[in-house]
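The values are calculated or read from the model by the stated rules, or taken from the named source; none is laboratory data. All figures in this text were calculated on a predicted structure; none of them were measured in a lab. Cβ placement follows ideal geometry from the backbone for every residue including glycine, while neighbour counts extend to all protein chains displayed. Surface areas here come from the heavy atoms of the whole protein model, side chains and all, with no ligands, DNA or RNA. Shrake-Rupley method; radii C 1.70, N 1.55, O 1.52, S 1.80 Å.
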Amino acid sequence: MPNLGFVNAELIVQEGGLPPLVDLLSSSNEGIQQQAAGALWSLSVNAENHLKIVREGALTYMVRLLQSNNPKIQEQAAGTLRNLAVNDENKVKIVQEGALPHLIALLRSQSDPVLIQASGAIRNLSVHPQNEFKIVQEGGIKPLVDLLR
């Protein structure tokens, strides 16, 4: 994950850097997607940015990037969602946007970093009462238990 620094992350958002970064997520170039997702993952560490990133429309793109064949992009998208899911409002929006089945699918990844971020995102989503049943309904329990073996 790129390290933008806490102060720089605030400045990037204050100076209007968030909309162009979100726009870059829709690029057809995987390298650009990866860099933009990595930057947003870094920005999402700052709790002040959680709602701002979602308001800019990043969730739709992050859900698409979870479905990438590139494990690094999957890791960055899941990591960003993991951070965004710390916020209660975002917990519901992330599930409504359709991320849950894709996060659960990533629990079968061969990439440890992808597994860590996907399981962390599901963990953060699970603490909201509306999401508990949805995780079970989407078949999330078995792959989570399988990770313990």
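Among the conditions (1) at negative phi; (2) open to solvent by 20 Å² or more (accessible area, probe 1.4 Å); (3) modelled with pLDDT of 95 or more; (4) in contact with a helix residue (DSSP H, G or I) (Cβ under 7 Å, 6 or more places away or on another chain), the only one that Val114 does not satisfy is (2).
Among the residues making up the stretch 25-47, those that are under 16 Å from the mean Cα position of the chain (by Cα) and either surrounded by fewer than 14 Cβ atoms within 10 Å (Cβ to Cβ) or in a loop (DSSP other than H, G, I, E, B) (or both) are Leu25, Ser26, Ser44, Val45, Asn46, Ala47. Inside the stretch 121-149, can you point out the residues that are open to solvent by less than 40 Å² (accessible area, probe 1.4 Å), part of a loop (DSSP other than H, G, I, E, B) and on the phi < 0 side of the Ramachandran plot? Residues satisfying the conditions are His128, Gly140. Among the residues of the stretch 92-101, those that are open to solvent by 10 Å² or more (accessible area, probe 1.4 Å) and either within 16 Å of Ala58 (Cα to Cα) or in contact with a Cys (Cβ under 7 Å, 6 or more places away or on another chain) (or both) comprise Val92, Lys93, Val95, Gln96, Glu97, Gly98. Here Gly16 qualifies as open to solvent by 30 Å² or more (accessible area, probe 1.4 Å) and at positive phi. Of the numbered criteria (1) part of a helix (DSSP H, G or I); (2) closer than 30 Å to Val136 by Cβ, the one Val22 fails is (2).
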